[in-house]
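A.B. asks: Next up is a structure, given as structure tokens.
The values are calculated or read from the model by the stated rules, or taken from the named source; none is laboratory data. All figures in this text were calculated on a predicted structure; none of them were measured in a lab. Backbone-built Cβ (ideal geometry, glycine too); neighbour counts: all protein chains shown. Areas reflect the complete protein model, heavy atoms only, side chains present, ligands, DNA and RNA absent. Shrake-Rupley method; radii C 1.70, N 1.55, O 1.52, S 1.80 Å.
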Amino acid sequence: MLNLILFGTPGSGKGTQSVKIAEKYKLGHISTGDIFRSEIKSKTELGLKVQKIIERGCLVSDEMLIEILDNAMKKFSDVEGFVLDGFPRTIRQAEELDELLGSRNECVSLVLALDVNPDEVLHRLMKRAAQEGRKDDTEEVIKKRLNVYYHQTSPLIEYYQKQGKYKSVHGIGSVEDIFENICNTIQTVR
Ligand code: ADP
């Protein structure tokens, strides 16, 4: 099994690349952000619970996340692993992921970080705000999300570096070039 984590700041291109990775390597694609947006759109109990938190740019609680991930994984059959996009985002989530995969006799294979500088990220997110109108893509909320990333999520870099699983890929250029670099990096663990 190939269990990949796609890592990077908001706007680093995780969503775009993880769809392509999932297709090529026959992996189940799990985007926690997409799950939340769909729950909010359908006004489910979960959606109503998390809507305000997400619109403010804060993180949803770790307790909720691990249950969501477990359920999302169970929905896939016949996959050769998973590509996780937007999860884990805290050390606690990473620890719980290790446990969850451990209970399936599996582990994280590789953490692929998309390396994009903060100016480019801000530029991309503002552009997306104009095009898609995501409620958490206003300048104020974007800054909050980047801040949350640096404080709560970036400690994961060290967590995975210590396990020798962290590899970064240059995240600026054409979608195809970045994808090619990602595939070359994946080959090193296959
Ligand atoms: P981004 O574009 O910021 O990478 P996502 O689409 O991955 O955003 O997620 C949107 C929002 O959903 C986050 O700002 C956060 O509120 C919530 N969320 C998504 N994944 C997680 C997670 N693993 N832990 C906590 N909250 C999450």
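A.B. asks: From K43, K49, grab the single residue that is part of a loop (DSSP other than H, G, I, E, B) and surrounded by fewer than 16 Cβ atoms within 10 Å (Cβ to Cβ). Spell out the reasoning first.
C.D. replies: Numbers: K49 fails: part of a loop (DSSP other than H, G, I, E, B).
K43 is the lone residue from the list that is part of a loop (DSSP other than H, G, I, E, B) and surrounded by fewer than 16 Cβ atoms within 10 Å (Cβ to Cβ).
A.B. asks: Out of all the residues in the range 130-153, which are away from the ligand (no atom under 11 Å from the Cβ) and either β-branched (V, I, T) or open to solvent by less than 30 Å² (accessible area, probe 1.4 Å) (or both)?
C.D. replies: T138
One line per residue, one yes/no per condition, for (1) buried (at least 20 other Cβ atoms within 10 Å of the Cβ); (2) part of a strand (DSSP E or B); (3) out of contact with any Pro (no Cβ under 6 Å at 6 or more places or on another chain):
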{"position": "P10", "(1), (2), (3)": "yes, no, yes"}
{"position": "S38", "(1), (2), (3)": "no, no, yes"}
{"position": "I53", "(1), (2), (3)": "no, no, yes"}
{"position": "F82", "(1), (2), (3)": "yes, yes, yes"}
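A.B. asks: Next question, about the same structure. Select from the range 84-105 the residues that are over 17 Å from Y166 (Cα atoms) and either touching a Gly at 6+ places or on another chain (Cβ under 8 Å) or assigned to a loop (DSSP other than H, G, I, E, B) (or both) and list them in ascending order.
C.D. replies: If the condition is that a residue be over 17 Å from Y166 (Cα atoms) and either touching a Gly at 6+ places or on another chain (Cβ under 8 Å) or assigned to a loop (DSSP other than H, G, I, E, B) (or both), then R104, N105 are the ones that fit.
A.B. asks: Still on this structure, I have one more. Identify all residues within the range 14-36 that are buried (at least 20 other Cβ atoms within 10 Å of the Cβ), within 15 Å of the ligand (Cβ to nearest atom) and more than 14 Å from K135 (Cα to Cα); write none if there are none.
C.D. replies: Start the filter on the range 14-36 by keeping residues that are buried (at least 20 other Cβ atoms within 10 Å of the Cβ), which leaves 14, 17-18, 21-22, 27, 29-32, 35-36.
Remaining after also requiring within 15 Å of the ligand (Cβ to nearest atom): 14, 17-18, 29-32, 35-36.
Selection gives K14, Q17, S18, H29, I30, S31, T32, I35.
A.B. asks: Only one of L125, L114 is over 16 Å from L27 (Cα atoms), surrounded by 17 or more Cβ atoms within 10 Å (Cβ to Cβ) and at pLDDT below 95. Can you tell me which?
C.D. replies: L125
A.B. asks: How many of the residues making up the range 142-159 are over 18 Å from N117 (Cβ atoms) and free of Cβ contacts under 8 Å to residues at least 60 places away in the same chain?
C.D. replies: So the answer is 2.
A.B. asks: Could you check K162 against (1) of a type in the set (K, R); (2) within 22 Å of R56 (Cβ to Cβ); (3) free of Cβ contacts under 8 Å to residues at least 24 places away in the same chain and say which number it fails?
C.D. replies: (2)
A.B. asks: Just one of (1) more than 24 Å from R190 (Cβ to Cβ); (2) without any contact (Cβ under 8 Å) to a residue 12 or more places away in the chain trips up Q93, so point out which.
C.D. replies: So the condition that Q93 fails would be (2).
A.B. asks: Residue check, E158 against (1) more than 15 Å from the ligand (Cβ to nearest atom); (2) open to solvent by less than 50 Å² (accessible area, probe 1.4 Å), all met but one. Which one?
C.D. replies: Among (1) more than 15 Å from the ligand (Cβ to nearest atom); (2) open to solvent by less than 50 Å² (accessible area, probe 1.4 Å), the lone unmet condition for E158 is (2).
A.B. asks: Sticking with this structure for a sec: If a residue must be within 7 Å of the ligand (Cβ to nearest atom) and not in a helix (DSSP H, G or I), how many such residues does the range 55-76 contain?
C.D. replies: Number satisfying all stated conditions: 4.
A.B. asks: Identify all residues within the range 85-95 that are within 11 Å of the ligand (Cβ to nearest atom), open to solvent by 40 Å² or more (accessible area, probe 1.4 Å) and farther than 14 Å from V148 by Cβ; write none if there are none. Spell out the reasoning first.
C.D. replies: Filtering the range 85-95 down to residues within 11 Å of the ligand (Cβ to nearest atom) leaves 85-90, 92-94.
After this cut, where a residue has to be open to solvent by 40 Å² or more (accessible area, probe 1.4 Å) as well, the list is 89, 92.
Result: R92, single match.
A.B. asks: Something else now. Restricting to the range 55-66, and then to whatever is in contact with a helix residue (DSSP H, G or I) (Cβ under 8 Å, 6 or more places away or on another chain) and of a type outside the set (D, E, K, R), can you tell me which residue is surrounded by the most Cβ atoms within 10 Å (Cβ to Cβ)?
C.D. replies: From the range 55-66, those in contact with a helix residue (DSSP H, G or I) (Cβ under 8 Å, 6 or more places away or on another chain) are 55-60, 62, 64-66; that's our starting set.
Now restrict to residues that are of a type outside the set (D, E, K, R): 57-60, 64-66.
Numbers: G57: 20, C58: 16, L59: 18, V60: 16, M64: 16, L65: 23, I66: 19.
Across the range 55-66, the extreme among qualifying residues is L65.
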